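Enquirer: Structure incoming, see below.
A short reminder: the numbers here are calculations on the coordinates, not readings from a lab. Not measured: the values here are computed from a predicted model. Every residue, glycine as well, gets a Cβ built from its backbone with ideal geometry; the counts of neighbours run over all protein chains shown.
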Number of protein chains: 4
Amino acid sequence: MIVVLERETDAVRAAGISAELASAGVATTPGTEAGGRAVLVSEREVSADQSTWIRGLPGVAEVTVTPGKYRLTSRVFRPTTTTVEVGAGVVIGGPGFVVAAGPCAVESAGQLDSVARAVADGGAAVLRGGAFKPRSSPYSFQGLEEHGLRLLEEQRDRTGLPVVTEVLEPAWIERVAKSADILQIGARNMQNYPLLREAGRSGLPVLLKRGLSATVEEWLLAAEYVLLEGNPNVILCERGIRSYEPSTRFTLDLSAIPVVKRVSHLPVIVDPSHSGGRADLVRPLALAAAAAGADGLLVDVHTDPTSARCDADQALTAPEFAELVEALERVLYAVDRPLTRPLWAPTAEAV
Amino acid sequence: MIVVLERETDAVRAAGISAELASAGVATTPGTEAGGRAVLVSEREVSADQSTWIRGLPGVAEVTVTPGKYRLTSRVFRPTTTTVEVGAGVVIGGPGFVVAAGPCAVESAGQLDSVARAVADGGAAVLRGGAFKPRSSPYSFQGLEEHGLRLLEEQRDRTGLPVVTEVLEPAWIERVAKSADILQIGARNMQNYPLLREAGRSGLPVLLKRGLSATVEEWLLAAEYVLLEGNPNVILCERGIRSYEPSTRFTLDLSAIPVVKRVSHLPVIVDPSHSGGRADLVRPLALAAAAAGADGLLVDVHTDPTSARCDADQALTAPEFAELVEALERVLYAVDRPLTRPLWAPTAEAV
Amino acid sequence: MIVVLERETDAVRAAGISAELASAGVATTPGTEAGGRAVLVSEREVSADQSTWIRGLPGVAEVTVTPGKYRLTSRVFRPTTTTVEVGAGVVIGGPGFVVAAGPCAVESAGQLDSVARAVADGGAAVLRGGAFKPRSSPYSFQGLEEHGLRLLEEQRDRTGLPVVTEVLEPAWIERVAKSADILQIGARNMQNYPLLREAGRSGLPVLLKRGLSATVEEWLLAAEYVLLEGNPNVILCERGIRSYEPSTRFTLDLSAIPVVKRVSHLPVIVDPSHSGGRADLVRPLALAAAAAGADGLLVDVHTDPTSARCDADQALTAPEFAELVEALERVLYAVDRPLTRPLWAPTAEAV
Amino acid sequence: MIVVLERETDAVRAAGISAELASAGVATTPGTEAGGRAVLVSEREVSADQSTWIRGLPGVAEVTVTPGKYRLTSRVFRPTTTTVEVGAGVVIGGPGFVVAAGPCAVESAGQLDSVARAVADGGAAVLRGGAFKPRSSPYSFQGLEEHGLRLLEEQRDRTGLPVVTEVLEPAWIERVAKSADILQIGARNMQNYPLLREAGRSGLPVLLKRGLSATVEEWLLAAEYVLLEGNPNVILCERGIRSYEPSTRFTLDLSAIPVVKRVSHLPVIVDPSHSGGRADLVRPLALAAAAAGADGLLVDVHTDPTSARCDADQALTAPEFAELVEALERVLYAVDRPLTRPLWAPTAEAV
Ligand SMILES: C=C(OP(=O)(O)O)C(=O)O
Ligand SMILES: C=C(OP(=O)(O)O)C(=O)O
Ligand SMILES: C=C(OP(=O)(O)O)C(=O)O
Ligand SMILES: C=C(OP(=O)(O)O)C(=O)O
């Protein structure tokens, strides 16, 4: 159950309501809903009688009962799909299908520059690139860190493309937010709750990857941590789950798209690159994602994949990316969705 | 390695070649390739020298070295995609995308009749329906068995639609083959080797479901049992694999389509019904399968799903099926594939 | 619900009761319980009222309501653990812990003879050995088949050890039963229902391996197929399940032992060889199985593992097996269970 | 490859060696080994020639080539099992088997006091209890946080038992270290690299839970992050992995114990409580863990499980815990390991 308080209800009154509910056996957690109003959320269900009584309490604006464990992420609480404006007029979750693309890791000024041009030219509306790379081994390339952030910032300024980049710990969110438009929370951190809360407090768009073996329920509950801080700007990203199948690094779970869309109002995009870990699978999986109803893609592109310092096997080349987007537009047409085009066209500019 | 023998090589000579190879340390298994010539297949690789030597042996037509564990199923052995003619001019694995649809289980003459009309009307080119149902519990409905076969036969005669139905044991193949055009081998029987061999011997089209937790490699090796008997008519069917995710019965592994197509020449279709176990997921998964490059679909349809005696939650109604096919045609157009239409149009006929 | 009929209730009366139940909305499946009495089993639950009414019907001896989907396998129906007498006085499921050991595959008279001596010497009370090997690839060694059966029979005669061997299809059960005391149904065939039914009809002890990705519930429902034919002699065998972990072939699920023992009366043994696929894991996993409450083990032993034609990496040598049994006896002592010793001591005999 | 530098090699010289290696194509990561010497670690292997050359460089003490991806965690680098002294003379990884027990979450002074007494009385040598609880839902009890730490500190002072408690973020390590002897890093944070590094820097014993779907390799690579900071005090804890089986919350992977022990020198304990999520499974799984070679256990105990605010279903009562330890001692005797007894005996004291 979610109790939304009236805008004018002050903190003291809110605490009073919470205490009243608690003494009636209904423990609640305080938070803020998308519109900025205070909420009190209970884990368990309440009886119809209790719900009527709560609705009548002074200071209470609305009471919503949501099924399952979902509360603020529930489509029952918020029936229309959330649209997340990520910068430069790009909106995820609206009619337009958004492709974010770029290198797995930012490696150098030259590399990022060439890839950024290529993806903008190819049809990406958002630039991706990791400055902090969470790697299984401490001996693998860990990203350019702060220097990588500066390079992303430069490209954003030059290209106008909004930037998405991963953040690994709460202490870095403020700094990352200066260089990026979307905070990416990686699969390995999906249940890093201090990070989720802090990303919630930032108010910034958050791209929340599904955990390596997270259920859809756990994934939405992770999003719930962000929303509870008053930040509705969550974009979910399916990126493959652990299974026994060895021919792909992970198993892309496209069923998760319609499953999420049925229970939640959050937009969902798909990462066909990290999922399979194979460049040759990116195109069929990307098209399948669009057909299954995804709101966008996150794609690894590199102008020289063989030299990539991270996940070299999965990066598309610039021409492969351009062909993918062409094929994608045909499928999007079949499902009545336009592709959101980048504002900037580097090739045109060069002319 | 696959050694194809010349057509005129007789059994005695073949045995001699096999013995020669064995004494050189190359154990082989005898079989028959698609074109009807005898083959000797080895599990391990041979050296380049050995391969040259074998090529020179009298009676040997060709020697092909295939990577991995794949032999007759390998695209290296047979570079063009296999096309399986399943009856009434319907071909799976060719340019046309083929939808097989019908009830999970044949329940009665009336039920099968109404569903057969509905699916033919909706655009299915093959009729599915289980007469023998492999059920986890012995107390669940096990199918109408022989009576179910007779009902399928009647519908085939009336509608002209080729029929696919499951066979559970070698002893029944001959009988099932009288009533059906395609032998379905279910997920639970993917590693039932006597059944695979016998299906191979029948020469009939075999729809081979992926095992509940089979790797792609195991699945193709299962197909290898059928092919080795000289029967090239295998259609693979991805139907979801076991994972930890509880919101769907199985996790549809669409990556398997491009993975299989890269290593093998066999056609692959997708069952979006048994995969999710949920009617609301059938359409998005079906469209995704088409976009990912599948050669067809196997869809559960029921004119009265709530009364279905088997897997009621996953059946589409007749109108839902018709809408699915409409949406599917748009996606197929985007990927340049025509839908194979049924020869028979019951509604038109009724007029 | 299980309705046990009185011994004197004839087939006509039984059919009448079944019809009466059906017309009251309670569909049932006929079968035979362990004691030989006819039963009618329903999949769904019945109301308390219905249950009282059924209890009163002439010809009905007992009505038992069992929780979940379990019926004849349920500990509620049969509270004491089933003991399976497998030959030569060896009982599985009683106080004694039974070790079955031998080669993965029977390879030759000499191999089987040396391994049989070694395992009897080491403390095995049952001889295992596959004559029919279900192999992922048709090019792998498939077993000596009928010749393998004859070799097993010879060893049984010579050593007095009861023999367990796998059977792959219904048509072979009668022949296998001549040479073996326990029919092994392999992981790949756990849901091969015609095979389960036929094994049920044989009345012989059945060793039922857990399917590669079977839930405990599906495993017990598979056993239910055997029990329903009036054959209570089912021994379950946990042999590892599919998971994402690559360092072992399968993941041994020892939790399944206490889970099964809580809901069912069937004995459970463990195969630590096929589970890990690694000889170095057999001992720790075998001891763990004993500590967790297993009723026995199934262990691969080979006197020359490097030459083994099947699963060479997992076979213990004769001395390793003897050491395992020594260590095992200490753990068994800790959990108050004696080891069932073989009747025959080949070394002693040789003296 | 691990290059250990001589103790007297200063930072400038170390940087020089690293640069020399890099220019020879061997990229390395700097760190500190257990003994406090600087190391340079490379991800890839080096040739025998290179290794000889590196060994001869001034300032280099040793060069070790380790198989696979393991470096500082490899048993090849450090052949003897690591012993972690966790306080009050308790050592994990030595001959003694150590039981850590206590409530899942610290709930109140009274609760912690009664549970601490019970577990010390029952035979636990370490007290567990979560002050910060990582919960799937933000609406579940999140722990008493700082207040919980104070209560743990009080119990440590009173009972002399070393304390293990979870830490969720780098910023809290210093504070947690004041109240606890062992930093627990939870399954959800196994790949939270900033947290691992900071725990490494603290030099404190770190209990590293296996990630929900981590492979053994990923788990050891996570430990590598801690070791690289010069902190050798890592205790691994197997706590069940994600699988498809629904009868237990996770699937305890006991094979991981011998697998880890073969490749690594780190001690491994087992959490039979979080694994199954069921109190009735704790005892069989705990005994199995001891038989399989674990170095200790982490067990949830509550004096009133039904009132527990976290994971109530899995907590043992005080008497159940005492019985478990009794049974455990018998199994430990069978595998020649003594139980490490707590120094403090509250009941005796009370007398
Ligand atoms: C590391 C990444 O992805 P994931 O967190 O999904 O592994 C990434 O997108 O750069
Ligand atoms: C039982 C069926 O499917 P599967 O073998 O894939 O479970 C079916 O298609 O009827
Ligand atoms: C093949 C065997 O086992 P499983 O069926 O468990 O793979 C066997 O025990 O020989
Ligand atoms: C939360 C805990 O465990 P895990 O991290 O293994 O889930 C715990 O031990 O309190």
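Enquirer: Partner chain Cβ atoms within 10 Å, averaged over the residues of D:193-205 - can you pull that number for me?
Expert: 2
Enquirer: Could you list which residues have their amide H under 5 Å from that of residue A:184, counting only those 5 or more apart in sequence or on another chain, with H placed in the peptide plane?
Expert: Here A:165, A:166, A:167, A:207 satisfy the definition.
Enquirer: Over 31 Å between Cα atoms, which of A:209/D:261; C:133/D:69; A:209/B:261 qualify?
Expert: Over 31 Å Cα-Cα: A:209/D:261; C:133/D:69.
Enquirer: Next up: Compute the Kirkwood hydrodynamic radius of the stretch D:1-122, taking the inverse of the mean of 1/r over all pairs of distinct Cα atoms, and give it in Å to one decimal.
Expert: One decimal place: 17.6 Å for the Kirkwood radius.
Enquirer: In whole Hz, with x marking every Gly and Pro, tabulate ³J(HN,Hα) for the stretch B:80-88 from phi via Karplus 6.51 cos²θ - 1.76 cosθ + 1.60, θ = phi - 60°.
Expert: For the stretch B:80-88, the Karplus curve yields 8, 4, 5, 10, 10, 7, 9, x, 6 Hz.
Enquirer: Once the stretch A:145-284 is represented by equal point scatterers at the alpha-carbon sites, with solvent omitted, what log10 I(q)/I(0) does the Debye formula produce at q = 0.15, 0.20, 0.21 Å⁻¹?
Expert: Calculated log10 I(q)/I(0) at the listed q: -0.76, -1.20, -1.26.
Enquirer: Taking the dipole about the Cα centre of chain B, with the C-beta of Lys and Arg at +1 and of Asp and Glu at -1, give me whichever of B:96, B:60, B:232 is farthest to the positive side.
Expert: B:60
Enquirer: Among the DSSP beta bridges whose two residues both lie in the protein assembly as shown, what percent are antiparallel, rounded to the nearest 5?
Expert: Around 35 percent antiparallel, to the nearest 5.
Enquirer: Post the alpha-carbon centroid distance, the stretch B:71-111 to the stretch A:27-51, in whole angstrom.
Expert: One Cα centre to the other: 53 Å.
Enquirer: Just from the alpha-carbon atoms, what are the Rg and Dmax of the protein assembly as shown in angstroms?
Expert: 32.5, 98
Enquirer: Please report, in debye to the nearest 20, how large the charge dipole of the protein assembly as shown is about its Cα centre when each Lys and Arg carries +1 at its beta carbon and each Asp and Glu carries -1 there.
Expert: 0
Enquirer: Return the average number of partner chain Cβ atoms within 10 angstrom of each residue Cβ along peptide B:329-335.
Expert: 6
Enquirer: Still on this model: Report Rg(Cα)/(2.2 N^0.38 Å) for chain C, keeping two decimals.
Expert: Rg over 2.2 N^0.38 Å, computed on Cα atoms: 1.03.
Enquirer: Please identify the longest segment of chain B free of exposed trypsin sites (Lys or Arg not before Pro), where exposed means a DSSP state other than H, G, I, E or B and no more than 13 other Cβ atoms within 10 Å.
Expert: For trypsin sites (Lys or Arg not before Pro) (loop position, at most 13 other Cβ atoms within 10 Å), the longest site-free span of chain B is B:45-351.
Enquirer: Counting residues in the stretch A:151-228 as N, plug N into 2.2 N^0.38 Å and put the Cα Rg over that result.
Expert: 1.11
Enquirer: Still on this structure: Per 5 Å bin, what is the whole-percent P(r) computed from every C-alpha pair distance within the stretch A:244-284?
Expert: 5, 22, 25, 19, 15, 10, 3
Enquirer: Another one. List the extent of the Cα atoms of the stretch C:2-64 along each of their three principal axes, largest first, rounded to whole Å.
Expert: Result for the stretch C:2-64: principal-axis Cα extents of 27, 21, 19 Å.
Enquirer: Additional query: Which of D:134, D:67, D:267 moves most in a GNM of chain D, Cα contacts under 10 Å?
Expert: D:67
Enquirer: Same structure again: With +1 assigned to the C-beta of every Lys and Arg and -1 to the C-beta of every Asp and Glu, and no other charges, what is the dipole magnitude of the stretch D:2-64 about the Cα centre in debye, to the nearest 20?
Expert: In debye, rounded to 20, the stretch D:2-64 gives about 40.
Enquirer: May I ask you to evaluate 6.51 cos²θ - 1.76 cosθ + 1.60, the Karplus curve with θ = phi - 60°, for each residue of the stretch D:289-304 and list the ³J(HN,Hα) values in order in whole Hz, giving x for glycine and proline?
Expert: 4, 4, 5, 7, x, 5, 9, x, 9, 10, 10, 7, 10, 8, 7, 9
Enquirer: Using a ≥ b ≥ c from the Cα gyration tensor of the stretch C:103-187 (square roots of the eigenvalues), is it rounded, prolate or oblate, where a/c under 1.5 gives rounded and otherwise the larger of a/b and b/c decides, a/b for prolate?
Expert: It comes out prolate by the Cα gyration axes.
Enquirer: Okay, next question. What list of ³J(HN,Hα) couplings, whole Hz, do you get for the stretch B:69-75 from phi and the Karplus terms 6.51, -1.76, 1.60, once you set θ to phi - 60° and write x for glycine and proline?
Expert: Result, rounded to whole Hz: 9, 6, 10, 5, 7, 6, 5.
Enquirer: Follow-up question, since we're still on this one. How would you rank B:251, A:303, going from fewest to most other Cβ atoms within 10 Å of each one's own Cβ?
Expert: Arranged by neighbour count, lowest to highest, B:251, A:303 become A:303, B:251.
Enquirer: If you don't mind, there's one more thing I want to ask. For helix D:11-23, what angle does its Cα long axis make with the longest principal axis of chain D, in degrees from 0 to 90 and rounded to 10?
Expert: 70
Enquirer: Quick check for you: which residues of the stretch B:225-263 have the amide N under 20 Å from the point 7 Å beyond the Cα of residue B:34 toward its beta carbon?
Expert: What the label zone holds, given the 20 Å backbone N cut-off, is B:225-238, B:257-263.
Enquirer: Along Cα→Cβ, 7 Å out, is where each label goes; now give me the distance between the ones at residue A:153 and residue B:55 in nm to one decimal.
Expert: 6.3
Enquirer: Given Cα pairs under 8 Å that are at least 6 residues apart, what percent is the relative contact order of the stretch D:2-64?
Expert: Answer for the stretch D:2-64 is 48 percent.
Enquirer: Suppose a student asked you for the relative contact order of chain A, using Cα pairs under 8 Å spaced at least 6 residues apart; what percent would you report?
Expert: Reported as a whole number, the value is 19 percent.
Enquirer: Then there is this: Taking the Cα centre of the stretch B:84-350 as origin and charging only Cβ (+1 Lys, Arg; -1 Asp, Glu), how large is the dipole, in debye to the nearest 20?
Expert: Its charge dipole is roughly 340 debye.
Enquirer: Please give the helix C:146-159 orientation as an angle from the longest Cα principal axis of chain C, in degrees from 0 to 90, rounded to the nearest 10.
Expert: Relative to chain C, helix C:146-159 is tipped by roughly 80 degrees.
Enquirer: Using R₀ = 35 Å, calculate the FRET efficiency as 1/(1 + (r/R₀)^6) where r is the Cβ-Cβ separation of residue D:201 and residue D:7; round to 0.05.
Expert: 0.95
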